[in-house]
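Remarks on the structure that follows.
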Amino acid sequence: MEDIYRLRYKVYCDEWGFEEPEDHPHGIETDEYDNHSVHFAAFREDDGSLIGTVRLIQSSDLGLPMLKHCALDIDTSAFKDSIVGEISRLAISKELRRRGPDKALYDDGIRELEEENIPISVKERRKNENAIVLGLYRCLYKESLEKGITHWYAVMARGLYLLLKKISIIPRQIGPEVNYHGLRAPYLLDLVQIMDYLKEKNPCLYHHFKD
């Protein structure tokens with residue numbers, strides 16, 4: 001867990017400035033939702049080092065953070081708290097992200113995703129980065145099935161939304177963008193609808209999630 005918190009600190013405090021370093025002493029980034037979350041991690045096969053993490057926040061007396069920071073266009077009372085979780089704190093090690101302004105996860109992502117003349121080295125980093133994101137989302141899906149969670153909330157940068165849309169995972173935007181860890185919008189993912197769409201549009205990824 002300390003390695004997870006240190007990776008989050010590097011990404012959210014050092015690299016992007018989403019969180020103030022003085023609010024997170026000793027080089028670790030944590031908050032009150034960590035004790036109510038399931039945490040996932042990706043490790044290198046060669047040396048076992050941590051290279052990625054994400055968490056699934058579960059219902060508790062604290063509520064879910066998206067509901068406190070975003071204005072939503074839907075009636076949230078339609079969902080029981082016990083079946084909704086929130087995805088947050090996606091962090092990928094900088095060594096796996098491409099150099100320069102890596103917008104695909106933490107910003108608008110448009111230039112990088114539409115760019116055609118990309119060096120092979122950058123394409124390889126992007127492939128690795130995307131594989132880690134998909135692996136973590138697969139873990140989120142498996143855990144949600146076990147816990148009976150049917151919907152996810154997520155506050156995403158435009159770049160992450162475009163990355164997911166490109167592989168046929170299409171979150172539904174349910175409110176306007178806000179300045180929360182950069183410019184972000186709130187999204188809802190219905191897991192049944194997501195998997196039905198994947199089965200039709202991207203069967204290889206569908207079976208990867210279901211296997």
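Scanning region 31-61 for residues that are touching a His at 6+ places or on another chain (Cβ under 9 Å) and within 24 Å of K142 (Cα to Cα) yields a total of 8. Of the residues making up region 153-192, those that are among the polar types (S, T, N, Q), open to solvent by 60 Å² or more (accessible area, probe 1.4 Å) and at pLDDT below 95 number 1. Can you find a residue that is closer than 18 Å to R184 by Cα and of a type in the set (A, V, I, L, M) anywhere in region 8-21? The answer is yes, given that some residue of region 8-21 is closer than 18 Å to R184 by Cα and of a type in the set (A, V, I, L, M). Tallying residues that are outside any helix (DSSP H, G or I), among the hydrophobic types (A, V, I, L, M, F, W, C) and farther than 21 Å from L183 by Cβ within region 1-51 yields 9. Residue check: I4 meets all listed conditions (1) within 24 Å of Y153 (Cβ to Cβ); (2) open to solvent by 50 Å² or more (accessible area, probe 1.4 Å) but one, namely (2). Of the residues making up region 52-81, those that are assigned to a helix (DSSP H, G or I) and among the polar types (S, T, N, Q) are T76, S77. Among the residues of region 51-88, which ones are buried (at least 16 other Cβ atoms within 10 Å of the Cβ) and over 19 Å from Y187 (Cα atoms)? Correct list: I51, G52, T53. For region 140-152, name all the residues that are surrounded by fewer than 16 Cβ atoms within 10 Å (Cβ to Cβ), closer than 16 Å to L198 by Cβ and of a type outside the set (A, V, I, L, M). Correct list: K142 only.
The values are calculated or read from the model by the stated rules, or taken from the named source; none is laboratory data. For clarity, every value in this text was computed on a predicted model and none was experimentally measured. Quick reminder, even Gly has a Cβ in these numbers, built from the backbone with ideal geometry, and neighbours come from all protein chains shown. The area values use the complete protein model at the heavy-atom level, side chains included, leaving out ligands, DNA and RNA. Shrake-Rupley method; radii C 1.70, N 1.55, O 1.52, S 1.80 Å.
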